[in-house]
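Below you'll find the structure I mean.
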Amino acid sequence: MDRAYSLLEIKSVAAPQRTFSGIASTPELDRQGDSFDPAGATFRESLPLLFHHDPKQPIGRVTLTRTPAGIVFDATIPEVDEPGPLKTRVDEAWQSIKAGVITGVSIGHRVLEGGLERLKNGTRRITRSEICELSLVTIPANASASILTVKSLSKGSIMTIAERIQGLTQTRADLGLQMKNLMESAPAGSTLDETTAATVDGLKLQIKNCEADETRWRDMEAVQMTKATAIVSPYAHVSVKSNLPPGTAFVRYVCAQLACKQFSTSAYDYAQRWNDSTPEVALALKAAVAPGTATDATWASPLVQPNISKEFVELLRAATIVDKIPGLYSVPFNTKIPQQTGGGTYNWVGETKPKPVSALAFASLTLDWSKIAGIIVLTQELIKLSSPKAEDVVRRDMIAGIARFIDAQFTDPAVAAVAGVNPASITNGAPTAAATANPLADILGLISHFTTNNIPVDGLTFIMSPANAMALSFKTYSDGSPQFPGIGVAGGTWKGLTFIVSNTVTTKVIALQPSLVFYADDGGVTIDASSEASLQMDSAPMSPVDATTVYVSMFQANCVALRAERFINWKKANANAVKYLTAAAWPAPTGVTFGDDEPEAPTANGKTKRGG
């Protein structure tokens, strides 16, 4: 097949490169029964690098080198900054190589005249050929054709000495396995044929070269270690990231304090058992906290260390509705916030006519201190943290208790404000509407409430149950396209609106304008602990207590009480900042489309009709 082509002239190339090397082909029999003779192969100085032998998917350039053991290659994949199909293709190829998803290569060649020998055993020997391209493949025809070394020159990323040594060690092991398999392929009592013997000799030479390179790199590593000097830059730092679940360090910090209190030992000494995974726990205890005693009334006051509790606070924020809502109007505690309640008067004014004069109306709003508190009772055995599962139990209990209560108080219409105790929920006194079976109409109706009351809809947030969110994800038009793309059981976004899910809202669907909800939070959680307190084991303890109140001694029951507190408050700045639906139980269809809810489309005569 003839092809017409023209040369592409490139003035300059300055993009960072990503390179790798390996074995392109060897004389051993491939999976198709062919033996490729490297000595008879011809090739240009630079060849195209393809993806799965597809000439429409070039991903780079490759250079081949002939050796006694076979043909080796050095390939380059460019790093493309401009978005487009090429960037997607080369990034996918490079990512596949680095992740080890693609480890093989395959040559694309054509047999030259007189270059094919058919052997008696049915195999073919290719003695003269032209190599036209090299491709990345999942399963190469030649079992030895593989990628051995990967390195990147992009953004200054270079393989470390340890990575090079590890790569050479693995390559040597792979070559040894290939040589073993070839040796064992010969029948018992017979010698290797000429082709197999040449391949074995080539593999032996490669193993010897790997061993020599590995020795050189180890010598280089030793030289660098003797010349290593300390970093004195004030900006230098070492960062150690733990693979433990977030919040584990905070839980261990708390439990070290508890164990210290029980056994009259140093919390710092107790925490050293975790130095291999969370050394910051013992460090914080040694630096800031003295050993706890049973008579120290202020034992837990320094408990929360900023670096230790940060992960726990972030987990709590991810668990509560109020912390998921973007754009709440954050204000400080006990500070008067000016609030405009009336605007000026404006009108058209003719030439030489007087302008109207008016006054603005303002009021002030203050968010006082309000706190949420709860006590979790744990057994002494659990706080010893004999296993990671015990740590997870403590961590989940401490988060869930506060998060569940905050969600209910924030969304339950029955929660009214109590002076000096708690704020009203955002739905308390808010306008409502009954939900229908048409979620699109219901949502548009909620949006209409804000536009009617001259409240911007930009940034509106909807809170609903996971079941109703899932129902939205099932809603489709008659052509099968989703009505609410971007929304799933975990919430999401749609048309620029935010959807948050929580089981605490049950059948309510709440719409709010976050910028009209004032929110104050001290940003932390305070933890206190006691193994001597006597508690009312009741989620609604009697207040004030009387003679019938029943107490449980933590000391007698061999338990420890953890008391968690969070200072938080909220208030609507506008009575119409929130509206919610009641009895919302949108159906989740099974294989049913909702053509009746499809938007109307104009026809040629200007009238409208339903799609489908």
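Tell me, Leu472, Leu50 in order of fewest to most beta-carbon neighbours within 10 Å?
Arranged by neighbour count, lowest to highest, Leu472, Leu50 become Leu50, Leu472.
Packing-wise, with mean Cβ within 10 Å as the measure, how do 170-177, 547-554 rank, highest first? Working shown, then result.
Numbers: 170-177: 16.4, 547-554: 11.5.
My ranking of the peptides, most packed first, is 170-177, 547-554.
Based on alpha-carbon centroids, what's the gap between the range 49-107 and the range 413-482 in Å, whole number please?
Their Cα centres are 51 Å away from one another.
Count the net charge of all other residues whose Cβ sits under 9 Å from the Cβ of Glu214, scoring Lys and Arg as +1 and Asp and Glu as -1. Don't jump to the answer; show the numbers that get you there.
Numbers: positive: Arg164, Arg172, Arg216, Arg218; negative: Glu211, Asp213.
Around Glu214, the surrounding residues sum to +2.
Net charge within 10 Å of Thr195 by Cβ-Cβ distance, Lys/Arg positive one each and Asp/Glu negative one each, not counting Thr195 itself?
Its environment carries a net charge of -3.
Based only on other Cβ atoms within 10 Å, what is the fewest-to-most ordering of Lys324, Lys98?
Numbers: Lys324 17, Lys98 13.
Going from sparsest to densest Cβ surroundings: Lys98, Lys324.
What order do you get for 478-485, 438-445 when each peptide is scored by the mean count of other beta carbon atoms within 10 Å, highest first?
Details: 478-485: 13.8, 438-445: 16.9.
Averaged packing, sorted descending, gives the order 438-445, 478-485.
Which order do Lys475, Lys495 fall in if you start with the one that has the fewest other Cβ atoms within 10 Å?
Numbers: Lys475 21, Lys495 11.
The most exposed by this proxy come first: Lys495, Lys475.
Which of the residue pairs Lys495/Lys571; Lys324/Lys475; Lys324/Lys572 have a Cα-Cα distance greater than 21 Å in the structure shown?
Numbers: Lys495/Lys571 27 Å; Lys324/Lys475 25 Å; Lys324/Lys572 17 Å.
Among Lys495/Lys571; Lys324/Lys475; Lys324/Lys572, the Cα-Cα distance tops 21 Å for Lys495/Lys571; Lys324/Lys475.
Send over the per residue convex hull volume for the range 442-513, Cα only, as a whole number of Å³.
On the way: hull volume 6.2 nm³, N = 72.
So the per-residue Cα hull volume is 86 Å³.
Starting from the Cα gyration tensor of the range 17-223, take the square roots of the eigenvalues, sort them a ≥ b ≥ c, and report rounded, prolate or oblate (rounded when a/c is under 1.5, otherwise prolate if a/b is larger than b/c, else oblate). Walk me through the numbers on the way to the answer.
Working: a/c = 2.23, a/b = 1.24, b/c = 1.80.
Oblate.
Estimate the FRET efficiency between Asp213 and Asp269 by the formula 1/(1 + (r/R0)^6), using the beta-carbon distance for r and 51 Å for R0, to the nearest 0.05. Could you put the intermediate results ahead of the total?
Numbers: r = 48 Å, r/R0 = 0.94.
Rounded to the nearest 0.05, the efficiency is 0.60.
Quick check: residue separation of Asp368 and Ser185 times 0.36 nm, minus the Cα distance between them. What number comes out in nm?
Details: separation 183, 0.36 × 183 = 65.88 nm, distance 8.37 nm.
The span from Asp368 to Ser185 would gain 57.5 nm if fully extended.
So, one more: Pull out the extension gain between Cys132 and Leu112, defined as 0.36 nm times the separation in residues minus the alpha carbon to alpha carbon distance; nm, one decimal. Intermediate results must be reported in sequence, preceding the final value.
On the way: separation 20, 0.36 × 20 = 7.20 nm, distance 1.21 nm.
So the extension gain works out to 6.0 nm.
Just so you know, all these numbers are worked out from the coordinates, no wet-lab data involved. Here the structure is a predicted model, which means the values were calculated and not measured. As a convention, Cβ positions derive from the backbone with ideal geometry for all residues, glycine included, and neighbour counts pool all protein chains shown.
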